[in-house]
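> Have a look at this one before I ask anything.
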Amino acid sequence: MYETLWHLKHCNLFERLSPEELHRLEARCRLRTYPARSPIYLPAQKADSVFLVAEGVVKVASISADGKESILAFVEQGELFGELALLDVENRDDYVEALERTTVVMIPAQDIQKVLAIRPDMALAVTKLVGLRRQRIERRLKNLLFQSSRDRLIHLLLDLEEQFGEETPEGVRIRLKLSHQDMGNLIGATRETVTSLLGQLRNEGVIEYKRCKVLITNSRKLAQGVERSPSERLIDLHRKPHHSPAIGVM
C-alpha cells in the first residue's frame, strides 16, 4: 500500500495530516485503474467514497433525462472528486468518466468525515474545494445565458489554457484530448457549431487543432476577441465618472 500512501501525502488536502493519521486513512483506501473512456461511477449510485486522482484525468458530467451530456469539470492528478459524499449526500447525481487511462484512490467518506470532525483546518479546506467547484459551474452557466457560442468557446479555451496548458515553442498546448463534441458539451453548443468556430479561430491565427488537442498560438489575440460579459460592462459603467448630461445624438 506504499503507493497509496505516497498519493495521499502529495494531495494538498491530506498533507496536513500527521503520519499516524495518514497510515490509518491509507489502511481503508483502495487503488483502482480505469481504461480510457470508461465510467468510474454513474448517477444514482451510492455516494459512499471520495476519489483522489493518482494518475490521469477524469471528466465530471451531468446527464439529462433525454441522455444529453453536459461536462461540468475536468479533474487531474492530485485532485479530489466525488467530494459531495462528505456532505451526507445519499446518491450520486453526476457522472464521472476516465478521460484517459486513470488510476484513482477510493477513500471511504465516513473515514474522512471522522478526520474532519477533529481537524477544523481540513474541514475548511473541503468547504473551499466545494465552493470553488460550484463557482466555476455558476460562471459557466452565466456564460451560457449571456454570451455567444464564439465567446463561450474562447472563454473555455482560455480556462483550459490556465488549468491544463503546457508551454511549447509554438505556443501553449492544452494537455487534454478534447473532441469537438466534448467542447460542445462544455459550452452548450452543437458539434457542428464548435467545428465551424474552431475553423474561424484557426483562420485568424490564434489556435491550431490536431488529433483532438488544441494549441493556442496567440493567447493575447484570442483573449482580445472575447466580448465582455454583461456584469463586466455594468462594473465599467459604475466606474465611469459622472458628468452632467449633454444633449446629443443617442
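The values are calculated or read from the model by the stated rules, or taken from the named source; none is laboratory data. In this text the structure is predicted, and so the values were computed from the model without any measurement. Backbone-built Cβ (ideal geometry, glycine too); neighbour counts: all protein chains shown. All accessible areas refer to the heavy atoms of the entire protein, side chains included, with ligands and DNA or RNA removed. Shrake-Rupley method; radii C 1.70, N 1.55, O 1.52, S 1.80 Å.
> For semi-axes √(5λ) of the Cα gyration tensor in Å, the listed values are (1) 24, 23, 21; (2) 28, 20, 19; (3) 37, 23, 18; which was obtained by calculation from the structure presented?
Comparing each candidate, only (3) matches the computed number.
> Continuing with the same structure: First compute the accessible area of the chain with a 1.4 Å probe, then give the percent of it belonging to carbon and sulfur atoms.
Values: 7750 of 14790 Å².
Of all accessible area on the chain, carbon and sulfur atoms account for 52 percent.
> Under a cut-off of 29 Å between alpha-carbon atoms, report the lysines in cross-link reach of Lys177, not counting same-chain residues fewer than 8 places apart.
Correct list for Lys177: Lys9, Lys59, Lys68, Lys128, Lys142, Lys210, Lys213, Lys221.
> Using the charge dipole of the chain (Lys, Arg: +1 at Cβ; Asp, Glu: -1 at Cβ; taken about the Cα centre), state which of Thr33, Val206, Ala47 has its Cα farthest towards the positive end.
Val206
> Sticking with this structure for a sec: Would you mind working out the magnitude of the charge dipole of region 1-142 relative to its Cα centre, with +1 at each Lys and Arg C-beta and -1 at each Asp and Glu C-beta, to the nearest 20 Debye? Mind dumping the intermediate values first?
Numbers: 21 positive and 21 negative charges, 58 e Å.
Approximately 280 debye in magnitude.
> Gain in length, Leu132 to Ser64, computed as 0.36 nm per residue apart minus the alpha-carbon separation, to one decimal in nm? Please report the intermediate quantities before stating the final value.
Details: separation 68, 0.36 × 68 = 24.48 nm, distance 2.33 nm.
Working it through step by step, the gained length comes to 22.1 nm.
> In Å², what does the accessible area per residue of region 105-172 work out to with a 1.4 Å probe? Present the calculation step by step, with values, prior to reporting the outcome.
Numbers: 3890 Å² over 68 residues.
Value for region 105-172: 57 Å² per residue.
> What accessible area per residue comes out for region 5-68, rounded to a whole number of Å², with a 1.4 Å probe?
Numbers: 3540 Å² over 64 residues.
Per-residue value: 55 Å².
> Now a separate question. Please compute the net charge surrounding Val53, taking Lys and Arg as +1 and Asp and Glu as -1 over other residues with Cβ under 13 Å from its Cβ.
-3
> I would also like to ask the following. Quote the accessible area belonging to Phe14 in square angstrom, nearest 10, computed with a 1.4 Å probe and with ligands, DNA and RNA left uncounted.
Counting only protein heavy atoms, Phe14 exposes about 0 Å² to solvent.
> Explain nothing, just the number: dipole magnitude of the chain about its Cα centre with +1 on each Lys and Arg Cβ and -1 on each Asp and Glu Cβ, in debye rounded to the nearest 20. Please report the intermediate quantities before stating the final value.
Working: 37 positive and 35 negative charges, 100 e Å.
Result for the chain is approximately 480 debye, rounded to the nearest 20.
> To continue, here is another question. Could you compute the net charge surrounding Gly188? Neighbours are other residues with a C-beta less than 9 Å from the C-beta of Gly188; K and R count +1, D and E count -1.
On the way: positive: Arg140, Arg152; negative: none.
That sum, taken over residues with Cβ under 9 Å, equals +2.
> Please name whichever of Gly131, Val105, Thr4 sits farthest to the positive end of the charge dipole of the chain, dipole taken about the Cα centre and charges placed at Cβ: Lys and Arg +1, Asp and Glu -1.
Gly131
> Another question about this same structure. Once amide H atoms are built 1.01 Å from N in the peptide plane, which residues 5 or more positions from Glu55, or in another chain, come under 5 Å H to H?
For Glu55, the qualifying residues are Thr103.
> Long-range amide H contacts for Gln45: which residues qualify at under 5 Å (H placed 1.01 Å from N, peptide plane, sequence gap of 5 or more or a different chain)?
Arg92
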